[in-house]
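Below is one structure, written out as structure tokens; the observations come after it.
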Amino acid sequence: MELKEVLRFADDKVFSKTGKHLDDLQEAILKEVLQGRKYATKIAQDRDCTEGYVRVAASELWKILSDVFGEDVSKGNVRAILERAKFYNHSSAIGENYGTVNHNVNICQERARSPTEPQNPQQTPKQLHIDLGDAPEIFTFFDRTSELSTLENWITGDNRTRLIALLGISGIGKTALSLRLIDQIKTQFDYVIYRSLRFSPTLETTLTNLLQIFSQTSEIPQNIETKISQILDYLRKYRCLIVLDDVQMLFSSRQLAGQYQTGYEDYQLFFKLIAEVCHQSCLILNSWEKPREIARLSKDNHPVRCFELGSLGEAAKEILKSQKLSDQETWSTLIDIYQGNPLWLELTATLIRELFGGRVAEFLQCEMPILDEGLQFQLSQPFGRLTAAELAVMVHLANLPEPVAVSHFFNKIPFSPSEIVNAVRYLGNRFLLDVVEEEKIILFSLNSVLKEYVISMSI
Ligand SMILES: Nc1ncnc2c1ncn2[C@@H]1O[C@H](COP(=O)(O)OP(=O)(O)O)[C@@H](O)[C@H]1O
Ligand SMILES: [Mg+2]
């Protein structure tokens, strides 16, 4: 929703309740806060007044807005409250017009005539409903500032994204990042839900689970279509942030990445609807295999985006520090070898502590990289899923000193060019390949950890 629109809407509401428009200072405060900025310093500078004065004005403004909207408004929730109020205002106007002369309704306004409105729609919740289910507790979290800000911007900025795939190899930090994001932006939502699909629940089970959170008292319908339409109604009616973690558990082994297992194909339709139907919510899918429909939908101008999570970078030093390792001057080398992957570094740091007394320099004297058993187990999961052609590509790459182009594999491994091209392409969708592009030449290689895994497992 446009900033200007939201400001105008707030001003109209205040005027119709109090007979007074927002003054310049109130408008400036609202404008800064709606953009997620720290307002006091900037406004105080712009207007040559003290920050204290601006803060007092802001607290008056929250009181006025609380009065107008009938709930406690603060700088943390003002955007969510205004947008929700504007949404309902708009929808009810369309609802009143529907059946008369309004031919200009666009697809986004369909909700007013949805035939599948839940039987007992609840009142707008006055407070945040948060259900994180069995989400792991995150004790320490380092950096990821720019990743968090990009995701926040996608979700709450002007061009709202309805479906985000948060992708990356196992251990890179998808679960931790999504939970940190929830913590950061939860006050802007009515419902915040986290569920892991690690036990591969069917779509029916997942939908029932979600509906139980939304409509604690109403009966859950039997029919899957009705379940889907009820969920979509809740996503329209409330601003919801839903994270579905471990989406890779829906995909088949020994098939190219992102292929749904038999009996799980409905998820594809569900995710497509989330992308295509207009609503005010966001679904985040965490996965170490890129879901196929995401690649298609993100090209079609739908509000769908992929976020590929990479190395934790310098901040990974904090992990080594928390494990009390020594030889700080060598930490960057260790981080590079283990690709800045927080889990790989945690496992390796434990190994260094237990067998090398925490001395990183001594550990690095060994032939690198050394793979802790836990790290090997982590890697066995994606590798256990590879097709024969993908495995052949990986083994071949593990024995090459330099990156190569896709055509290099032709006639070197016993698969047709089509099989090889698909294998290379979908290995990318499993985040197992390093890709470099130089003057339109695309070259593929394996990082040192994967190379060592492939060689040491003799696969
Ligand atoms: N930014 C971070 N700061 C500190 N620890 C992190 C960070 N990201 C991930 N971790 C830790 O690394 C491990 C793997 O992270 P996780 O989120 O489970 O990865 P993924 O979901 O991608 O498999 C966990 O122990 C997690 O706490
Ligand atoms: Mg995870």
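The values are calculated or read from the model by the stated rules, or taken from the named source; none is laboratory data. Because the structure is a prediction, the values reported are computed rather than measured. All Cβ positions, even for glycine, are placed from backbone atoms using ideal geometry, and neighbour counts span all protein chains on display. With ligands, DNA and RNA removed, areas are computed over all heavy atoms of the protein, side chains included. Shrake-Rupley method; radii C 1.70, N 1.55, O 1.52, S 1.80 Å.
Enumerate the pairs (first residue in the stretch 154-179 and more than 17 Å from Cys278 (Cβ to Cβ); second residue anywhere and of a type in the set (Lys, Arg) and within 10 Å of ligand 2 (Cβ to nearest atom)) with beta-carbon separation below 9 Å, excluding pairs fewer than 6 apart on the same chain, so at least 6 apart or on different chains.
The qualifying pairs are Leu166/Lys174; Leu167/Lys174; Gly168/Lys174.
Can you name every residue in the stretch 336-385 that is buried (at least 18 other Cβ atoms within 10 Å of the Cβ) and aromatic (Phe, Trp, Tyr)?
Matches in the stretch 336-385: Tyr338, Trp344, Phe356, Phe363, Phe383.
Quick one: in the stretch 244-291, which of the residues that are open to solvent by less than 50 Å² (accessible area, probe 1.4 Å) and acidic (Asp, Glu) is farthest from Ile155 (Cα to Cα)?
Filtering first and then ranking leaves Glu289.
Right, Ile185: more than 10 Å from the chain's Cα centre (by Cα) and away from ligand 2 (no atom under 16 Å from the Cβ) or not?
For Ile185, the condition - more than 10 Å from the chain's Cα centre (by Cα) and away from ligand 2 (no atom under 16 Å from the Cβ) - is met.
Read through the list (1) within 30 Å of Tyr338 (Cβ to Cβ); (2) surrounded by fewer than 21 Cβ atoms within 10 Å (Cβ to Cβ), then give the number of the only condition that Thr205 fails.
Going through the list (1) within 30 Å of Tyr338 (Cβ to Cβ); (2) surrounded by fewer than 21 Cβ atoms within 10 Å (Cβ to Cβ), Thr205 breaks only (1).
Mind checking which residues of the stretch 403-428 are in a loop (DSSP other than H, G, I, E, B) and open to solvent by 60 Å² or more (accessible area, probe 1.4 Å)?
Phe410, Asn411, Lys412, Pro414
With the condition kept exactly as written, say whether any residue in the stretch 222-243 is among the β-branched types (Val, Ile, Thr) and open to solvent by 50 Å² or more (accessible area, probe 1.4 Å).
yes
Run down Ala40, Ala28, Ala10 and say which single residue is crowded, with 16+ Cβ neighbours inside 10 Å, assigned to a helix (DSSP H, G or I), among the small types (Gly, Ala, Ser) and touching a residue at least 60 places away in the same chain (Cβ under 8 Å).
Ala10
If the requirement is being part of a helix (DSSP H, G or I), among the aliphatic types (A, V, I, L, M) and modelled with pLDDT of 95 or more, which of these qualifies: Leu391, Leu343? Lay out the reasoning, then the answer.
On the way: Leu391 fails: modelled with pLDDT of 95 or more.
After applying the criteria, what remains is Leu343.
Which residue pairs have Cβ atoms closer than 9 Å, lie 6 or more positions apart in sequence or on different chains, and pair a first residue in the stretch 336-350 that is charged (D, E, K, R) with a second residue that is in a loop (DSSP other than H, G, I, E, B) and near ligand 1 (Cβ under 8 Å from one of its atoms)?
Glu346/Gly171
Given the conditions (1) at pLDDT 90 or above; (2) over 28 Å from Asp131 (Cβ atoms), which single one is not true for Ala295?
Single failed check for Ala295: (1).
Within the stretch 152-179, which residues are more than 16 Å from ligand 1 (Cβ to nearest atom) and basic (Lys, Arg)?
Arg160, Arg162
Anything in the stretch 433-459 that is part of a helix (DSSP H, G or I) and among the acidic types (Asp, Glu)? List them, or say none.
Glu452
Considering only residues that are farther than 18 Å from Leu371 by Cβ and open to solvent by 30 Å² or more (accessible area, probe 1.4 Å), which ones fall in the stretch 429-443?
If the condition is that a residue be farther than 18 Å from Leu371 by Cβ and open to solvent by 30 Å² or more (accessible area, probe 1.4 Å), then Asn429, Val435, Val436, Glu437, Glu438, Glu439, Lys440, Ile441, Ile442, Leu443 are the ones that fit.
From Lys299, Lys321, grab the single residue that is assigned by TED's automatic domain parsing to the domain that holds Leu177, of a type outside the set (Phe, Trp, Tyr) and either within 28 Å of Glu225 (Cα to Cα) or part of a helix (DSSP H, G or I) (or both).
Details: Lys321 fails: assigned by TED's automatic domain parsing to the domain that holds Leu177.
It is Lys299.
Would you pick out the residues in the stretch 149-170 that are within 14 Å of ligand 2 (Cβ to nearest atom) and either surrounded by 22 or more Cβ atoms within 10 Å (Cβ to Cβ) or in a strand (DSSP E or B) (or both)?
As a first pass, look at the stretch 149-170 and keep what is within 14 Å of ligand 2 (Cβ to nearest atom): 165-170.
Ala165, Leu166, Leu167, Ile169, listed by residue number.
Among the residues of the stretch 31-65, how many are more than 31 Å from the chain's Cα centre (by Cα) and either of a type in the set (Gly, Ala, Ser) or assigned by TED's automatic domain parsing to the domain that holds Thr156 (or both)?
Residues in the stretch 31-65 being more than 31 Å from the chain's Cα centre (by Cα) and either of a type in the set (Gly, Ala, Ser) or assigned by TED's automatic domain parsing to the domain that holds Thr156 (or both): 5 in total.
For the stretch 301-317, which residues satisfy the criterion of being surrounded by fewer than 16 Cβ atoms within 10 Å (Cβ to Cβ) and more than 30 Å from Ala349 (Cα to Cα)?
Asn301, the sole residue that qualifies.
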